[in-house]
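Quick notes on the structure that follows.
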Amino acid sequence: DVKVTQSSRYLVKRTGEKVFLECVQDMDHENMFWYRQDPGLGLRLIYFSYDVKMKEKGDIPEGYSVSREKKERFSLILESASTNQTSMYLCASGAGGGSSYEQYFGPGTRLTVT
Amino acid sequence: DQQVKQNSPSLSVQEGRISILNCDYTNSMFDYFLWYKKYPAEGPTFLISISSIKDKNEDGRFTVFLNKSAKHLSLHIVPSQPGDSAVYFCAAPSYNQGGKLIFGQGTELSVKP
């Protein structure tokens, strides 16, 4: 059974704090993704990675960075959290390309920045 | 530039009736589409997909129809059940970035008993 896990389900942080969100997949997928979900805006891509130590900006990378030191792990970093980063954060992995476009999502982290 | 659009933010349907969720796209290069279902406080789960070589794909109560000339697809759920209440997203793989999906804004379906 495929599995994507995220380090926290709920997180409350203060403005200006550095925040780490961790994601681990056990499917040996090449591609990993970080999204945020906000009402009325759907799923917006923050960053993605096609390979270890490789990263690509998504549609809304400002205020975020990522790290992929191992194939199975993809971390999202908020260098200095702000209230407009309060959101649901979703990690996904996928084989990518060909007939394998499907992405598998983790349960999400509800982050509140106060 | 919203390449995949779901113009109805919400839909309410009576149990047992048909639910029709719509999705439009602007990029004629898209050749594969996926539907995801998301419950609150959970990650999205894959529901059904369709390739552009087909105009229909069916899986149990779920059928997706694709109209390439209109750049439109729809998800039909028959019969609708209260457990189908969720947010539904349509998505298409980015043409020049293999593996990246472009998602619509989502439609929240509510199935009333």
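When residues of the range A:59-92 are filtered for being touching a Cys at 6+ places or on another chain (Cβ under 8 Å) and of a type in the set (Gly, Ala, Ser), how many remain?
1
Would you be able to say whether some residue in the range A:39-62 is of a type in the set (S, T, N, Q), in contact with a helix residue (DSSP H, G or I) (Cβ under 8 Å, 6 or more places away or on another chain) and touching a residue at least 24 places away in the same chain (Cβ under 8 Å)?
For the range A:39-62, residues of a type in the set (S, T, N, Q), in contact with a helix residue (DSSP H, G or I) (Cβ under 8 Å, 6 or more places away or on another chain) and touching a residue at least 24 places away in the same chain (Cβ under 8 Å): absent.
Look through the range A:16-56, keep the residues that are acidic (Asp, Glu) and part of a strand (DSSP E or B), and return whichever of them is surrounded by the most Cβ atoms within 10 Å (Cβ to Cβ).
Top of the filtered list is A:22.
With the requirement that a residue be farther than 19 Å from residue B:103 by Cβ and within 14 Å of chain B (Cβ to nearest Cβ), what does the range A:69-109 give you?
Residues satisfying the conditions are A:98, A:99.
Of all residues being more than 25 Å from residue B:6 (Cβ to Cβ) and of a type in the set (Asp, Glu) in the range A:25-52, which is modelled with the highest pLDDT? Just the residue, please.
Among those residues, the one meeting the criterion is A:26.
Which strands (runs of 3 or more DSSP E) does the range B:23-73 wholly contain that include 2 or more residues that are of a type in the set (D, E, K, R) and surrounded by 17 or more Cβ atoms within 10 Å (Cβ to Cβ)?
Correct list: B:32-38.
In the range B:19-32, what residues are under 21 Å from residue A:33 (Cβ atoms), modelled with pLDDT under 95 and either in contact with a Ser or Thr (Cβ under 8 Å, 6 or more places away or on another chain) or hydroxyl-bearing (Ser, Thr, Tyr) (or both)?
B:30, B:31, B:32
More than 20 Å from residue B:4 (Cβ to Cβ), of a type in the set (A, V, I, L, M) and away from chain B (no Cβ under 11 Å) - does that describe any residue in the range A:53-67?
Yes: the range A:53-67 contains one or more residues that are more than 20 Å from residue B:4 (Cβ to Cβ), of a type in the set (A, V, I, L, M) and away from chain B (no Cβ under 11 Å).
The values are calculated or read from the model by the stated rules, or taken from the named source; none is laboratory data. Remember, predicted model here, so these are calculated numbers, not experimental data. No Cβ is skipped: glycine too gets one built from the backbone with ideal geometry, and neighbour counts run over all protein chains shown.
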